[in-house]
Each structure stands twice: as C-alpha cells, then as structure tokens.
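To start, the structure itself, in structure tokens.
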Amino acid sequence: MTTYVLVHGAWHTGTEFEPVAEAIRAEGHIVHCPTIAGNRPGESKDVGLNAAIASIVDYLSENDLSDVVLLGHSYGGMVITGVADRAADRIRRLVYWNAFVPNDGEALNDMVPPHYVALFDGVSAASADNTVMLPFPIWREAFINDADLALAERAFGVLNPHPYATFTDKIALSKNPAEMALPKSYLLCTEDCALPQSLGWHPRLSEKLGLFRLVAIPGSHELCFTDPKALAAGILKAGRD
Amino acid sequence: MTTYVLVHGAWHTGTEFEPVAEAIRAEGHIVHCPTIAGNRPGESKDVGLNAAIASIVDYLSENDLSDVVLLGHSYGGMVITGVADRAADRIRRLVYWNAFVPNDGEALNDMVPPHYVALFDGVSAASADNTVMLPFPIWREAFINDADLALAERAFGVLNPHPYATFTDKIALSKNPAEMALPKSYLLCTEDCALPQSLGWHPRLSEKLGLFRLVAIPGSHELCFTDPKALAAGILKAGRD
Amino acid sequence: MTTYVLVHGAWHTGTEFEPVAEAIRAEGHIVHCPTIAGNRPGESKDVGLNAAIASIVDYLSENDLSDVVLLGHSYGGMVITGVADRAADRIRRLVYWNAFVPNDGEALNDMVPPHYVALFDGVSAASADNTVMLPFPIWREAFINDADLALAERAFGVLNPHPYATFTDKIALSKNPAEMALPKSYLLCTEDCALPQSLGWHPRLSEKLGLFRLVAIPGSHELCFTDPKALAAGILKAGRD
C-alpha cells in the first residue's frame with residue numbers, strides 16, 4: 001500500500017483527479033488530490049509560485065503524510081519540484097506527468113515557446129486579476145485532442161482562471177532536480193501537443209531529472225478526463241518502487 | 001453525419017482508400033475517394049501540381065460538396081493545401097495523414113531528403129513520360145514495413161507511375177497553412193519511415209500547420225493496405241469537430 | 001520456416017533469450033541463442049571485440065547455419081555487424097533490436113554519452129579483471145523501467161560482469177552497414193531509455209543502416225524479461241522477408 005499525492009496542473013483543481021484516484025484506490029492504495037493555492041474555489045487569485053508550493057508542503061504536513069509518491073501534472077511539476085526541495089523527507093518518489101521540470105531560477109514561462117508567453121501576457125493583462133485562461137480552440141486541439149467535442153467542452157467548463165504569477169515567478173531551489181537523491185519517474189502521454197513536440201516534454205524536460213524512469217502511454221495532455229483508468233495504470237507503473 | 005473526402009498519395013488512386021471508406025461509412029458518414037488527375041487509369045501523365053489541385057477542386061464543385069472533412073495522404077497534402085486555398089468555403093476541417101505541408105512557393109521535393117530527389121530525378125529521366133516509380137525494396141522496407149511480403153507485393157502491384165512534375169512544381173498559395181482559418185489535424189502513423197524519421201513528418205511538417213490536433217496511431221505509411229479499419233478509426237478521431 | 005540466431009547484449013547470456021525463442025519456435029521456426037565469448041559462465045573475461053565477433057562467426061560455422069535472420073540486442077549490434085562483414089553468405093537479414101550500429105573504426109563507447117563512458121571507466125578500473133557492471137538504480141530505472149521491482153531484481157541477479165574491452169575496441173569492417181547488401185531491420189522498443197532518448201537508438205543509430213525496416217513496439221530495453229512474447233512478435237515482424 002502506497003500513499004499517492006496527485007498535484008494538478010494550471011486551470012485545474014484536485015477534483016479533476018478524483019476518477020484517476022478512484023482507480024488507484026481500487027488497487028489498494030491511498031490517494032490524495034489536494035488543490036493548490038490559487039486554484040481553490042472562491043479563494044484569492046493573488047498567489048505566486050512560492051505560495052503555491054507552500055500550500056502543498058502544508059498539505060503534506062497537516063495530513064502528516066510520509067513515504068509519499070508525489071505526482072505533478074504540467075504546471076504541477078513546478079510545484080512538486082519545490083515541495084521536494086522543502087520536504088524531501090516526506091517523499092518516496094517524484095512522478096512528473098507531462099510536467100515542467102525547473103532548475104533553480106527558472107520560471108514556467110522560461111520553458112514554453114514564445115507564442116505562448118505572448119498569449120499569456122495578453123490574456124493576463126486583459127484580466128482584472130492577473131489571471132490567464134486558455135482559448136477554447138487551443139484547449140480542444142492541443143490539450144485534449146483525444147476527446148470528442150462534448151467532453152472537450154464539458155472539461156473546459158470546469159477549468160478555473162489561473163494566477164499568472166505562478167508562471168512568471170522564478171523558482172528558488174537549494175538543488176536542481178538532477179541532484180536530488182529521490183527516485184524520479186517521467187510519465188509521458190505520447191500524443192500531448194500542449195507544448196509543440198519540437199520543444200516538448202520529453203526528452204527536453206524529462207532529462208533535466210538526471211536518472212529517471214520513463215513510462216509512456218498513448219493519450220493527450222488531459223488524459224485525466226479522456227481515460228482516467230489508463231492514466232491510473234500509468235501512474236502505478238511510474239510510481240512503484 | 002459528416003462528409004469525408006479522402007485524397008490519396010503519389011502512385012495511388014482513390015480505389016486504395018475504399019476499404020478505409022467502407023469502415024467510415026459504417027459509422028454513418030459519407031465518404032468520397034476521388035482520384036487525382038495524373039493518377040487516373042488510362043489518362044495522360046502530363047499533369048503538373050496545378051492541374052492536380054484543380055482536379056480535386058473540380059470534384060468538390062461537380063459533386064456540390066460542402067462542409068467537407070478533406071484528408072490528404074503524403075503527396076495528397078500538397079493537393080489538399082492547394083484545394084483549401086481555392087475552395088475554403090467547402091471545407092470543415094483539413095486532415096493531413098503523414099502528409100506534406102507546403103508553404104507558398106514550396107515543392108514536394110523541397111521537403112524530401114536529397115537522396116530521394118536524386119533517385120526521383122534518375123527514375124523520371126529514364127522514363128518515357130517524366131514519371132517516377134518506387135523501387136520495390138524501398139516500398140517494402142520503408143513504406144509498407146508493417147505488411148507481410150505477400151501484401152507488400154500485392155499492394156505494389158496496384159501502384160501507378162506518378163507524374164514527376166507534381167513533385168517539382170512549386171505550389172502557389174495566397175496564404176500559408178498556419179494562417180488558414182480552417183481547423184486542421186495531423187494524423188500520424190508512428191512507424192512511418194517513408195521519410196527518414198530524423199527528417200520526418202512530425203513535428204517537422206505538422207508544425208507548419210500552426211494550431212493543429214495530433215492523432216497518433218501505430219502503423220506504416222501504407223496503413224490503408226495493412227489495417228484499413230485502424231486507419232478509419234484514426235481518421236474519425238482526426239476528423240471530428 | 002526460418003532460422004533465427006539471437007545475439008544478446010552486454011551482461012547477458014543466450015539463456016535470457018530462451019523465453020523469446022520458445023515463442024518464436026511456437027510459430028514453426030528454428031531459433032539459436034548462443035552466448036558471446038566473454039559472457040560465457042566460467043570462461044575468461046579477457047575478451048575483446050574481435051574475439052566476441054569471432055565467437056559468433058564460429059557458432060554459425062560449427063552449426064552449419066545459413067539463410068539466418070541474425071538479431072543483435074544492444075551491444076549485440078556491434079557483434080552482428082562484425083559477423084555480417086565476415087560471414088554475409090550465411091545471413092538472410094540483419095535485425096537490430098535497440099542495438100548499436102557501428103561504422104568502420106567505431107567503438108561502442110563512441111556512441112554512448114560521456115557520463116556513461118565515465119561510469120564505465122570508473123567501474124572497470126575498480127574491477128579485478130577490466131569488467132563493467134551496471135549499478136542497480138540505473139538498471140532498474142533506465143534499462144528495465146517496465147518491470148516491477150521483483151522482476152527487476154531477479155533479472156539483475158542473472159547478469160554477468162561484462163568485458164570492458166568490447167566497449168572500447170574499435171570495430172574493423174570492410175564496409176559500413178549502409179553499404180552492406182543485406183536486408184536490415186531495426187526493432188525499436190519505444191520506452192527504452194538505456195540511452196538518453198535525446199541521444200538515442202532511433203533514428204540516430206538506426207539511420208546508419210541506410211535502407212531499413214522499422215518495427216516499433218512498446219517496452220523497455222529489457223523486453224526479453226518483461227514481455228518475451230511481445231518481443232517475439234516484434235522479432236517476427238522485423239525478421240520476415
């Protein structure tokens with residue numbers, strides 16, 4: 001029995017991981033799906049990367065979790081890297097699911113192509129609270145390309161505006177991921193085009209982990225919506241010892 | 001119910017798409033498999049890229065087709081890009097199946113490695129009518145690598161000499177594919193080595209589409225012969241809204 | 001009915017191919033799993049690349065094998081390339097399974113990243129007999145990433161120290177693989193991270209074969225342990241005419 005903590009990506013909350021969590025629990029494990037500060041319903045969007053990381057460190061502490069397989073999705077990779085730097089003693093293994101892997105001093109925006117930065121800059125400037133949302137066509141074609149239109153629309157409907165400071169803040173780490181002693185896995189959905197595949201997740205970002213385990217499965221960036229059971233199976237292969 | 005128009009690649013005719021079309025029709029759709037000018041049995045091989053494109057524009061017009069999902073395979077990507085530029089109002093979505101994606105002023109030969117150009121130059125020069133054929137070993141190993149030998153031979157037997165001018169003519173477009181407002185998908189057969197994968201279809205050519213939906217499935221460049229049902233399933237995922 | 005000769009990689013013996021061989025034999029073929037000189041139980045580790053190659057040439061000769069589909073795994077790619085140069089008349093097709101492809105004058109170490117060379121240099125210098133072993137964490141995460149821990153440990157237990165000279169010796173070939181007239185296939189396990197995928201097996205090494213057939217299947221570098229039947233199915237697709 002292993003304790004999994006699944007940390008969602010931008011625009012999501014922990015709730016979207018629940019169908020995945022159910023499938024992992026069915027194999028006898030404990031699964032937590034916290035929501036990062038900045039994405040919690042009704043709370044302030046005035047949240048930077050440091051506070052986002054702290055909210056998950058606090059979650060582990062408040063629930064007294066240890067020996068945790070800590071998974072981060074997309075932007076969640078920023079968060080779990082920070083958590084691993086601050087609370088390594090609670091963690092058994094890190095799992096990056098199509099996730100950003102920052103070195104000390106890097107922001108998420110440093111790892112995305114210029115046209116995304118320009119898009120985010122524009123959208124956040126036009127918002128009342130420095131948040132970003134994805135235009136639906138990008139969501140539908142590049143993020144959830146393996147869904148039908150109805151599911152793409154339904155999933156889009158649950159997204160929440162994301163605090164942009166968490167994309168522009170540079171992470172502060174005492175050591176880079178490759179130097180962290182923790183075991184690490186990279187779970188790759190092979191049809192993910194949320195980043196252009198010429199400037200993609202793997203091997204460009206995964207190899208910043210140093211030694212890591214690759215687990216590759218078919219699917220888009222949003223397999224949590226399109227096939228939660230397949231995602232759960234991938235997580236179990238990535239998360240086991 | 002959607003209307004699909006499947007545009008074949010070099011050396012092929014629309015007939016080779018019929019088993020794929022049958023599987024798509026079984027899902028309730030209408031499917032057309034026209035043959036491009038230059039590949040029609042008994043007709044002249046004195047056909048350039050402009051005439052090839054015009055023949056599919058004419059097909060749409062003569063059959064009064066609109067709201068069409070227009071798919072192009074390989075060389076067919078040259079053709080559908082030209083059709084999209086001339087008859088965008090008839091098209092609902094473009095689907096490139098391991099297909100060339102030209103910008104204005106590019107020829108197919110501009111996107112293939114030098115040793116293919118040299119091969120095509122030699123074969124066409126030796127022909128009576130400026131046509132090219134593939135040597136069987138290249139066909140068998142790099143195009144239809146997922147077939148057994150009997151199927152590879154049978155499929156090779158239905159190919160027709162291809163008018164080489166359609167490879168060397170530069171396409172004239174009023175705008176490049178990335179600027180076209182139409183939704184676009186790239187359907188990728190992941191074992192396709194018809195182009196060397198270091199200089200391959202995706203992401204090298206796919207990303208010329210700008211925003212596009214990726215759908216990836218196992219198979220070779222010639223999945224229309226080796227698994228028409230799997231290809232049909234991929235087309236439906238690439239072609240839906 | 002075809003005769004397959006399966007040539008193992010570093011640290012392995014032919015015995016580890018037996019479950020794969022059984023599945024190929026079940027389809028009516030003859031399969032040999034020789035062990036390369038330097039990996040034979042109880043024999044000297046004072047073996048260089050030339051002697052390793054010669055041991056398989058001798059095996060073909062002593063068993064009077066001809067019309068052979070000769071497969072090499074990983075380091076075994078060095079060996080079968082040398083065998084093909086010396087005994088081409090006995091070979092029907094070469095199959096490289098996530099294997100090194102050397103040109104004349106190249107050593108295996110010329111094709112691996114610097115941190116592996118440094119690791120191997122250190123381990124071999126610390127050994128009594130100029131042999132190398134893999135640290136278990138690298139084996140578990142990067143070589144046999146698709147196994148559970150129990151299988152990873154069990155498989156690690158059957159490995160044998162590998163004569164390092166076979167990694168540092170430069171191969172002598174009368175012609176490079178791309179110029180060899182033999183048909184060639186590359187069988188790719190797509191989750192293989194034994195080499196970093198940014199400096200990986202395919203297309204970086206596969207394309208040194210010139211014209212080749214690609215067959216891609218899911219799995220790690222050690223699919224012989226984790227799914228011998230799937231590997232056998234891949235070998236049959238790669239090995240057929």
Pair list, Cβ under 6 Å, 6 or more apart: the range A:116-133 residue closer than 14 Å to A:TRP11 by Cβ, other residue of a type in the set (D, E, K, R): A:THR131/A:LYS45
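Please go through the range B:1-30 and pick out each residue that is among the aliphatic types (A, V, I, L, M), open to solvent by less than 10 Å² (accessible area, probe 1.4 Å) and not in a loop (DSSP other than H, G, I, E, B).
To start, the set of residues in the range B:1-30 that are among the aliphatic types (A, V, I, L, M) comprises B:1, B:5-7, B:10, B:20-21, B:23-24, B:26, B:30.
Those still in the list that are open to solvent by less than 10 Å² (accessible area, probe 1.4 Å) too: B:5-7, B:10, B:20-21, B:24.
Within the range B:1-30, B:VAL5, B:LEU6, B:VAL7, B:VAL20, B:ALA21, B:ILE24 qualify.
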Options C:ALA126, C:ALA107; residue that is open to solvent by less than 20 Å² (accessible area, probe 1.4 Å), away from chain A (no Cβ under 14 Å), over 16 Å from C:PRO196 (Cβ atoms) and not hydroxyl-bearing (Ser, Thr, Tyr): C:ALA107
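Could you tell me which residue of the range B:62-104 is nearest to B:ALA194 (Cα to Cα), considering only residues that are among the charged types (D, E, K, R) and not in a helix (DSSP H, G or I)? Lay out the reasoning, then the answer.
Residues of the range B:62-104 among the charged types (D, E, K, R): B:62, B:64, B:67, B:85-86, B:89-90, B:92-93, B:104.
Checking the rest, the ones that are also not in a helix (DSSP H, G or I) come to B:64, B:67, B:92-93, B:104.
On the way: B:ASP64: 34, B:ASP67: 31, B:ARG92: 28, B:ARG93: 25, B:ASP104: 23 Å.
The qualifying residue nearest to B:ALA194 (Cα to Cα) is B:ASP104.
One line per residue, one yes/no per condition, for (1) in contact with a Pro (Cβ under 7 Å, 6 or more places away or on another chain); (2) within 21 Å of B:LEU94 (Cα to Cα):
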site	(1), (2)
B:LEU151	no, no
B:ALA155	no, no
B:LEU159	no, no
B:THR166	no, yes
B:ALA172	no, yes
B:ALA181	no, yes
B:LEU205	no, yes
B:LEU209	yes, yes
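Just need a number here: residues in the range A:129-144 that are within 11 Å of chain B (Cβ to nearest Cβ) and under 13 Å from A:GLU222 (Cβ atoms). Can you show your working first?
Residues of the range A:129-144 within 11 Å of chain B (Cβ to nearest Cβ): A:135, A:137-144.
Those still in the list that are under 13 Å from A:GLU222 (Cβ atoms) too: A:138-144.
Matching residues across the range A:129-144 total 7.
Please determine whether any residue of the range C:90-103 is free of Cβ contacts under 8 Å to residues at least 60 places away in the same chain and away from chain A (no Cβ under 14 Å).
The answer is yes, given that some residue of the range C:90-103 is free of Cβ contacts under 8 Å to residues at least 60 places away in the same chain and away from chain A (no Cβ under 14 Å).
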Checklist (1) touching a strand residue (DSSP E or B) at 6+ places or on another chain (Cβ under 7 Å); (2) open to solvent by 10 Å² or more (accessible area, probe 1.4 Å); (3) over 27 Å from C:ASN103 (Cα atoms) applied to C:ARG154, failing item: (1)
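Yes/no matrix, rows are residues, columns are (1) small (Gly, Ala, Ser); (2) under 16 Å from the mean Cα position of the chain (by Cα); (3) part of a helix (DSSP H, G or I); (4) at pLDDT 95 or above:
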| site | (1), (2), (3), (4) |
| --- | --- |
| B:ASN160 | no, yes, no, yes |
| B:THR166 | no, yes, yes, yes |
| B:ILE171 | no, yes, no, yes |
| B:SER174 | yes, no, no, yes |
| B:SER185 | yes, yes, no, yes |
| B:LEU214 | no, no, no, yes |
| B:GLY219 | yes, yes, no, yes |
| B:PHE225 | no, yes, yes, yes |
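Out of the residues in the range B:137-151 meeting the condition of being charged (D, E, K, R) and open to solvent by 30 Å² or more (accessible area, probe 1.4 Å), tell me which one is farthest from the chain's Cα centre (by Cα).
Checking each candidate, the answer is B:ASP148.
Suppose the filter is closer than 29 Å to A:ALA178 by Cα and open to solvent by 10 Å² or more (accessible area, probe 1.4 Å); does C:LEU188 pass it?
Working: closer than 29 Å to A:ALA178 by Cα: yes; open to solvent by 10 Å² or more (accessible area, probe 1.4 Å): yes.
Yes.
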Top-ranked residue of the range B:187-216 - restricted to ones that are acidic (Asp, Glu) and in contact (Cβ under 8 Å) with a residue 12 or more places away in the chain, ranked as farthest from the other protein chains (Cβ to nearest Cβ): B:ASP192
Residue list for the range B:110-166, filter: over 26 Å from C:SER185 (Cα atoms) and of a type in the set (A, V, I, L, M, F, W, C): B:ALA125, B:ALA126, B:ALA128, B:ALA165
Filter pass, B:GLU179 being open to solvent by 30 Å² or more (accessible area, probe 1.4 Å), more than 18 Å from the chain's Cα centre (by Cα), without any contact (Cβ under 8 Å) to a residue 40 or more places away in the chain and within 14 Å of chain C (Cβ to nearest Cβ): no
Looking only at the range B:222-232, and only at residues there that are hydrophobic (A, V, I, L, M, F, W, C) and touching an Asp or Glu at 6+ places or on another chain (Cβ under 9 Å), the one that is farthest from the other protein chains (Cβ to nearest Cβ): B:CYS224
Pairs, first farther than 14 Å from C:GLY219 by Cα in the range C:145-162, second buried (at least 19 other Cβ atoms within 10 Å of the Cβ) and small (Gly, Ala, Ser), C-beta under 8 Å, six or more apart: C:ALA155/C:ALA147; C:HIS162/C:ALA10; C:HIS162/C:GLY38
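Confirm whether C:GLY219 is open to solvent by less than 30 Å² (accessible area, probe 1.4 Å), within 14 Å of chain B (Cβ to nearest Cβ) and in contact (Cβ under 8 Å) with a residue 24 or more places away in the chain.
Details: open to solvent by less than 30 Å² (accessible area, probe 1.4 Å): yes; within 14 Å of chain B (Cβ to nearest Cβ): yes; in contact (Cβ under 8 Å) with a residue 24 or more places away in the chain: yes.
Answer is yes for this residue.
Scanning for something among the aromatic types (Phe, Trp, Tyr), part of a helix (DSSP H, G or I) and within 22 Å of B:SER198 (Cα to Cα), does the range B:113-123 turn up at least one residue?
Taking the range B:113-123 and keeping what is among the aromatic types (Phe, Trp, Tyr), we get B:116, B:120.
Right, trim to part of a helix (DSSP H, G or I) and you get B:116, B:120.
Checking which are within 22 Å of B:SER198 (Cα to Cα) leaves us with B:116, B:120.
Within the range B:113-123 (the criterion being among the aromatic types (Phe, Trp, Tyr), part of a helix (DSSP H, G or I) and within 22 Å of B:SER198 (Cα to Cα)), the answer is yes, since at least one residue qualifies.
The values are calculated or read from the model by the stated rules, or taken from the named source; none is laboratory data. All figures in this text were calculated on a predicted structure; none of them were measured in a lab. As a convention, Cβ positions derive from the backbone with ideal geometry for all residues, glycine included, and neighbour counts pool all protein chains shown. Ligands, DNA and RNA are excluded from the accessible area calculation, which covers all protein heavy atoms including side chains. Shrake-Rupley method; radii C 1.70, N 1.55, O 1.52, S 1.80 Å.
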